[in-house]
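In what follows, a structure is listed as structure tokens, so that the remarks can point back to it.
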Amino acid sequence: MIRNYLKTAYRSLLKNKGFTVLNVLGLSIGLATCLLIVFYVVDELSYDRYNINADRIVRITEEARLNGNAGSYAGTEAPLLNALKGNFPEIEKSTKLIPASALFISPQKFRFKKGSTNLQEHNVVFANSDMFDVFTLPMVDGSPLASLTEPHTAVITESTAKKYFNKTNVVGQTLTLNDTSVYKITGVIKDIPAQSHFNYDFFLSWSSLPESHIYGWGVSGQHNYLLLKPGANIKKLEAEILKIEIKHSFSPAAWTTGGNYLKIILTPLLDIHLRSDSQYQLAKGGSIQYVYIFSVIGILILLIACVNFMNLSTARSSNRAKEVGVRKVLGSARKFLVAQFLTESILVTLVSTIIAVFLAWLLLPLFNQMADKHLAFTTQSLSWLVPSLIVIVLVIGFLAGSYPAFFLSAFQPIDVLKGKVATGFKGGFLRSFLVVFQFSISIFLIIGTLVIYNQLNYIHNKSLGFNRSQVLVIKNTGVLGNQAKILKQELKQLPGVVSTTLSSYTPTGDDRNKTGLFPDATIDIKKDVLSEFWPVDEDYMGTMGIKLVAGRNFSAQMPTDSMGIIVNEAFVKRFGAKDPLNKDVYRYSVGLQKFHIIGIMKDFNYESLKEKISPAVLTYALDNGAISVRIHTTDIGRLMSQIQDKWKAISPNQQITYSFMDEDFDATYRSEQRIGTIFISFTTLAISIACLGLFGLAAYAAEQRKKEIGIRKVLGANISTIISMLSMDFIKLVFISILIATPIAWYAMQNWLQNFAYRTSIHWYIVALAGGTAVVIAFITISFQSIKAALNNPVESLRSE
Amino acid sequence: MIKITNLEKFYRTEEVETIALNKLSIEIATGEFVAIMGPSGCGKSTLLNILGMLDDPDEGSYVFNEIEVAHFTERKRADLRKHNIGFVFQSFNLIDELTVFENVELPLIYTGVPASERVKRVEEVLDKMQIMHRRNHYPQQLSGGQQQRVAIARAVVNKPKLILADEPTGNLDSTNGNDVMELLTDLNEQGTTIIMVTHSEHDARYSHRIIRLLDGQAVVENIMV
Ligand SMILES: Nc1ncnc2c1ncn2[C@@H]1O[C@H](COP(=O)(O)OP(=O)(O)O)[C@@H](O)[C@H]1O
Ligand SMILES: [Mg+2]
């Protein structure tokens, strides 16, 4: 019996080739897209799950608000873990990581010797052997207990071992850091899975840190993790830790006045990647918002594809009413007809699914590139993929086949044969509804894409208060030590170089340094103005193109300038003084320091445009971490090689690391750029699938109305009248979709734009453009069919009797 | 009004060539009522379609109102057709989704008659066909005889000079059939030229002249007295 169904299904599908191709194509594109999104979402949700105790690990996170500065911070104080030790039975184990960036010595760079050259490494962290008690980091060589206990010991990953030694059993070997200190390797761990909120290659023992780099209370730079006992009361523990924090803070009373607060949050390990937006995290996290957005898009695209399938099946089923009638007259029971139709649609779904898997596999590299992921088909992914695909095949096959199966098979054969149901095409409310549904989604996606690109464009063209074009940043001049200054002078002499400045703090860079500044020597925490505090030279403002509003720039001729500062307008606003020029500012760092405001500069954007500009202060001090070079030349290649030559003359063994400032700027928005690309791809896919469906529907409509068209032509209708008549039925639906999709898209994208402190608005022409695009695409799609139908010789269509 | 000379029409389907009309020459004067008869497949409908400018002849000449139309473009033919010719079919060919009124109104829409004028003219012709009380019904709700009345109403609403009827009584019983023939006779008496294909000798007797076709050629002409 089954064989018979399959045979009949196969023949029927073959007979309606066009229909079958449209269905399979639409469904497989939809399924493939959906599969890619599932891969992405599963990957995002799997972060840190490699830890056996993942659900019991928490990070101590601090949320604070002080004098208008509110934020959440991933780092907490160094002495905190010791204060907790032994006092809380619900804490089973604890561990800490301190990334180089938190060491507050500017800029901390790690160069390991390999052969005769030094390699600059970024993924370096200080840790203790208790790290292995909390995180699941299996060792391939060495033992966790004997690792990272002694000063100057290190644990490295397998691939790092291969990179430096070409083998993995390297316990006992040594690594030379910055040409000065030697680290003994005590363990080699398996590479950390990509789905981890930290990903380090070098773990250096905590005890190697010089005493001066271990901070006390009041400085938070250490990442503290706890492994809790099962069933631990997290709320209670948070409150207890807060008490300890407040007790040891600078001024415990300050936290309860004037809207200030301090909170301790135990962030679950599994929330860190997607749900924590704390500052100073160990790696840039993902966003649960995007996981939701993509899940929704995936579901929508799959729905569009299913709707297509259903729509085409029902459209075709009215053509098949006669077949049903004949079969029934010949004595076929209803259940056989139901089985026949379902077999057909499940067969189509099955074929589409197989093609979809293949398509997804083909597209995966492209998608990886787009989404900056390393997704792959693995045996592990197949283990959940195959069963879910089988479910999908059955569900979609059943849904799409159910209308013809149950609805048509219920007809009385005599009605069907008399043609009473065959005219049911135009009245298809369900069909219109489904088309509106598809196009609403498509229009929503078009509007989304346009808004994203508009915002990216806005960011790109926004005046930032500094000039990022034609600035080269050499990022590793720290390795030159005092000779960095010489390099700066020599580069300045080159033709094509306008000016040079020495400082690792650039508006587009990563180095940042927040400090508290006070209007008087009492260091009253209530008057704190938290500011960026950047050591620069007298050429900084000129090279960056930052404008002076009042006062003057630093000058090498003024010896007192070492205590002078230039503040931005945001600082002035926060500082409160009427005429801040020449006022004094105090800072409590290594003792009390007094600064003098000599200039006020225009605000410039040094953070992502998602943030409002906050106070920033330039101080006249030496920082040789980077040299920025403003150039003006038509032959960049030649200038670059001259710059390299100058570098080589000073340091023949080191590689120069540089980039252009506008590239650095664009890199800040890479994730938005990525979202834009992904959105545009999904939009294109959604529209293509919807159009495939529309194409099929238009074909059926034209087929069904063939006779009517013939009659109209005989009565004098001309071709354009017929085309517009056939098209209008569908275009009407697209217009309804525009009405439905626009407010929803407007609302959603308005929400997205709220992420940016500096943003465009959603202009009316975006909506008009989106609607226009949808109408035009739909019209072209339908035209193929309606023109064909309109050109048909009416004699042909009326001849049938 | 109509003069065809050596008209030929072939149909080629996968190497089989059918000669539907074979060097056919006929002349029909204004105001005539002509019946065309002949066995099934002899080319009656083909001839009617060409006369109605729905189809092109392959060879020969067709002069309509002193104009040679044999090789007119589709657009020109359509233009000439919608102002001069009305069609009545055996299977009525009403549009199911439109009411009686709307069906009859269609030719007026396509010739660009303004809306107010259309209502007047549709009502006038529905009255004449005694189908006014059904103006808001759909074709499926009418009997065959009533449907053919609507179809005739639609054919004459534009006041065409020529009506082409392809077996107009073929789907009707004799009472309804006779009604239709009376209507056509009335129209003819008011000056409309009528060419009608029929299988019924009884119906053919309403005409002035019978042209008998065989294999695409006119074999006999009977003049009715
Ligand atoms: N579109 C067509 N394609 C092929 N052959 C056709 C076509 N239309 C008519 N014929 C053939 O032309 C001949 C005349 O047909 P027709 O004019 O419909 O005959 P009648 O109306 O007298 O029964 C027949 O043999 C018919 O099979
Ligand atoms: Mg015929």
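The values are calculated or read from the model by the stated rules, or taken from the named source; none is laboratory data. Model, not experiment: these values are computed from the prediction. Ideal geometry is used to build each Cβ from the backbone, glycine not excepted, and the neighbour counts take in all protein chains shown. To get the accessible areas, we keep the full protein, side chains included, count just its heavy atoms, and leave off ligands, DNA and RNA. Shrake-Rupley method; radii C 1.70, N 1.55, O 1.52, S 1.80 Å.
Ordered by solvent-accessible area of protein heavy atoms (1.4 Å probe), largest first, the residues A:468, B:205, A:59 come out as B:205, A:468, A:59. In the complete set of protein chains, residue-level accessible area for residue A:374 is approximately 150 Å², probe 1.4 angstrom. Solvent exposure of chain A, expressed per residue, is 45 Å² of accessible area, with all protein chains present and a 1.4 angstrom probe.
Legend: residues in region A:716-746 shielded by at least 50 square angstrom of accessible surface upon adding the remaining protein chains to the isolated chain (1.4 Å probe, heavy atoms) are A:716. Structural descriptor for region A:471-668: relative contact order 37 percent, calculated from alpha carbon pairs under 8 angstrom and at least 6 residues apart.
Mean separation of Cα pairs under 8 Å and 6+ residues apart, divided by the residue count of chain A: what relative contact order is that in percent?
Details: 1350 pairs, mean separation 125.3, N = 801.
The value is 16 percent.
Pairing chain A with chain B buries about 1700 Å² of accessible area. This figure sums both sides and uses a 1.4 Å probe.
Report, as a whole number in µm² per second, the diffusion coefficient that Stokes-Einstein gives for region A:471-668 at 4 °C and 1.567 mPa s using the Kirkwood radius over alpha carbon pairs. Walk me through the intermediate numbers first.
Numbers: Rh = 17.7 Å.
Answer, rounded: 73 µm²/s.
Placing a label point 7 Å from the Cα of residue B:10 along the Cα-to-Cβ direction, the residues of region B:16-54 with a backbone N closer than 14 Å are B:16-23.
The Cα center of region A:426-504 and the Cα center of region A:265-336 differ in position by 33 Å. Relative to the longest principal axis of the Cα atoms of chain A, the long axis of helix A:636-650 makes an angle of roughly 40 degrees. A simple spin-label model places pseudo-atoms 7 Å from Cα toward Cβ; at residue A:46 and residue A:667 they are separated by 2.8 nm.
The aspartates and glutamates within cross-link reach of residue A:485, meaning a Cα-to-Cα straight distance under 15 Å and a gap of 8 or more places when in the same chain, are A:537, A:538, A:539, A:623. Lysine pairs in region A:571-673 whose alpha-carbon atoms fall under 28 angstrom of each other, counting only those eight or more residues apart or on distinct chains, come to 15. Candidate cross-link partners of residue A:263 among the lysines, defined by an alpha-carbon separation under 19 Å and a same-chain spacing of 8 or more, comprise A:235, A:236, A:243, A:247, A:526. Taking label points 7 Å from Cα along the Cα-to-Cβ direction, residue A:163 and residue B:185 give a separation of 10.6 nm. What do you get for the angle between helix A:483-493 and the principal long axis of chain A? Use alpha-carbon atoms, 0 to 90 degrees, nearest ten. Value to nearest ten degrees: 70. Measuring between their Cα centroids, region A:607-628 and region A:348-396 lie 46 Å from each other.
How do A:661-668, A:552-559 rank on mean C-beta neighbours within 10 Å, highest first? Please report the intermediate quantities before stating the final value.
Details: A:661-668: 16.6, A:552-559: 13.2.
Highest-to-lowest ranking by the protection proxy: A:661-668, A:552-559.
For chain B, the longest principal axis of the C-alpha atoms and the axis of helix B:74-84 are separated by about 60°.
The accessible area of residue A:313, taken with all protein chains in place and a 1.4 Å probe, comes to roughly 10 Å². Comparing the full protein assembly with the isolated chain (1.4 Å probe, heavy atoms, ligands and nucleic acids excluded), the residues of region B:84-133 losing at least 50 square angstrom of accessible area are B:93, B:95, B:97, B:110.
Just the number, please: carbon plus sulfur as a percent of the accessible area of region A:442-589, 1.4 Å probe, no ligands or DNA/RNA counted.
On the way: 3150 of 6250 Å².
Of all accessible area on region A:442-589, carbon and sulfur atoms account for 50 percent.
Highest mean first, the peptides B:146-155, A:273-282 sorted by other C-beta atoms within 10 Å per residue fall in the order B:146-155, A:273-282. The rule of thumb for compact globular proteins, 2.2 N^0.38 Å, goes into the C-alpha radius of gyration of chain A 1.21 times.
Annotation: lysines with alpha-carbon distance below 29 angstrom to residue B:161 (same-chain offsets under eight excluded): A:706, A:707, A:713, B:3, B:9, B:23, B:44, B:76, B:82, B:120, B:128.
Compute the FRET efficiency between residue A:552 and residue A:485 as 1/(1 + (r/R0)^6), taking r as their Cβ-Cβ distance and R0 = 25 Å, and round to the nearest 0.05.
0.65
Residues of region B:53-72 buried by at least 20 Å² of accessible area upon assembly of all protein chains, compared with the chain on its own (1.4 Å probe): B:54, B:55. As a calculated quantity, the FRET efficiency between residue A:366 and residue B:120 at R0 = 45 Å, using C-beta atoms, amounts to about 0.10.
Extension gain for the segment residue A:391 to residue A:674, taken as residue separation times 0.36 nm less the Cα-Cα distance, is 98.7 nm to one decimal.
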